[in-house]
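Here's the structure, in structure tokens; my notes come after.
The values are calculated or read from the model by the stated rules, or taken from the named source; none is laboratory data. Note that the structure is a prediction, hence the values are computed from the model and not measured. In this analysis, Cβ positions are derived from the backbone assuming ideal geometry, glycine residues included, and neighbour counts consider all displayed protein chains.
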């Protein structure tokens, strides 16, 4: 039987529910804005906080620090899940949003690596740890808070606003960057203006706290507390409650592993792909992502509402299957539209590299390892999105078509000189490495592809808050859903930009990083088909 606390003694009014959804969603937007602004400005932060002329390594270091925040999300889930199940939903996520706002503003105050040396990235890492801890408690709190106020027949619809708010945080980060770019000259923005979006989090924190302080405690938690049914040790009980180990396994791999890798591929991989190897002007990319991200928010709400009628399992299965079929074609099409000149040049003037030890070591500089000459050439080609054919030879050579590009030995003593020589040689043979602005028809095509990726994300994410809330018993719900969610989102999803970047840098194929998503989603699909119940939505029952 379900716990007596499943039903609160007093039903929330319609106005109560609207306030709950509005305040929870707004707080989620602000908190994810704080987390995503770092990724949105990655191309600037690599120069502000890391002392390297190697463009590939710089971005990998930024994504490594990005991943650090995700690595600490499970710890935050355990800590704040414990507090949420013991002390209440409301006050716990007041703490998380405060911690996130302070940590994000702190990033905007850190001196650059040119000023304080290695202390700069170390401080960034510390603040990212605080952000990860905060975010580990945020999603579970907001999702459960809304789910426990929602009537069962509208739970998917009401909680879908939380999922849409995650995208909203990403969209808000882009809006703020665009506005700052319009108000601050480009050179000044790169020098100091990038700090403004981080410092803005103080204002967003104030708004979020004001809204959330107006909320009352969840009716389900209030009923549990009055009935004396709160958990003694939510963390231990989450691991030992009958049936919970299986539910946690399914939530980790069959739900979170699927949704989080698709989400980060749809938004962050696309962002890096368009800005990086496709060479689209950063401002154009920001407008593309703003339009696609803003429009795709509606998909999450549509899917959440749909799941109230057909159940939570079917949209996730459909989204996972379509992702396996469409991810590679979507990115191939996006690359063709984003930089048709690059694709045309690569076909008419194929690039070939020959030499000894032709493999790349993306972290060679970081660990004081020697990168081979051939590896350095491959690194330049990959970072510029140039496909190549590889052959073994005793000496290094680079050809574009039937013409050889001069690679004199002294170039290998200076990374910038080598990069410039290769780019100049390829430019003379039809390649164009200047920032690109595709034709409007191509831009609309890219937006359409991104909307398709957004729909895949919505199918696997739109109903998840309701599903996870329904999977676990109320007295340990905060901990039980937060732990697998943040392990999956923290490690499988949060490390995606870094892992995909390493795969691309190591293989030289700008599309090869997608294999990581394919593998995680493929395994998750099998778990979801095995472990998720089909049919109409159901509240948690002890007898599952």
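A few notes on this one:
- Restricting 22, 39, 27 to residues that are assigned to a helix (DSSP H, G or I), at pLDDT 75 or above and under 25 Å from residue 293 (Cβ atoms) narrows the list to 22.
- The one condition in (1) over 26 Å from residue 69 (Cα atoms); (2) at pLDDT 90 or above; (3) surrounded by 21 or more Cβ atoms within 10 Å (Cβ to Cβ) that residue 461 fails to fulfil: (1)
- Scanning segment 508-525 for residues that are without any contact (Cβ under 8 Å) to a residue 24 or more places away in the chain and either crowded, with 20+ Cβ neighbours inside 10 Å or in a helix (DSSP H, G or I) (or both) returns 515, 519.
- Here residue 413 meets the list (1) free of Cβ contacts under 8 Å to residues at least 12 places away in the same chain; (2) surrounded by fewer than 12 Cβ atoms within 10 Å (Cβ to Cβ); (3) in contact with a strand residue (DSSP E or B) (Cβ under 9 Å, 6 or more places away or on another chain); (4) within 18 Å of residue 355 (Cα to Cα) almost entirely, failing just condition (3).
Condition check ((1) under 29 Å from residue 47 (Cβ atoms); (2) in contact (Cβ under 8 Å) with a residue 24 or more places away in the chain; (3) surrounded by fewer than 20 Cβ atoms within 10 Å (Cβ to Cβ); (4) in the same structural domain as residue 23 (by TED's automatic domain parsing)) across all residues:
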site	(1), (2), (3), (4)
75	no, yes, yes, yes
95	no, yes, yes, yes
112	yes, yes, yes, yes
136	no, yes, no, yes
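- Segment 338-359, subset touching a helix residue (DSSP H, G or I) at 6+ places or on another chain (Cβ under 7 Å) and exposed (fewer than 14 other Cβ atoms within 10 Å of the Cβ), residue modelled with the highest pLDDT: 356
- Which numbered condition residue 430 fails, given (1) assigned to a strand (DSSP E or B); (2) surrounded by 14 or more Cβ atoms within 10 Å (Cβ to Cβ): (1)
So that you can scan it fast, the table gives a plain yes or no per residue for (1) in contact with a strand residue (DSSP E or B) (Cβ under 8 Å, 6 or more places away or on another chain); (2) in the same structural domain as residue 419 (by TED's automatic domain parsing); (3) under 14 Å from residue 55 (Cα atoms):
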site: 351; (1), (2), (3): yes, yes, no
site: 364; (1), (2), (3): no, yes, yes
site: 381; (1), (2), (3): yes, yes, yes
site: 385; (1), (2), (3): no, yes, yes
site: 392; (1), (2), (3): yes, yes, no
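- Residue match in segment 74-87 (condition: under 17 Å from the mean Cα position of the chain (by Cα), in a helix (DSSP H, G or I) and more than 16 Å from residue 140 (Cα to Cα)): no
- Hits in segment 526-536 - residues which are closer than 11 Å to residue 316 by Cα and in a helix (DSSP H, G or I): 528, 529
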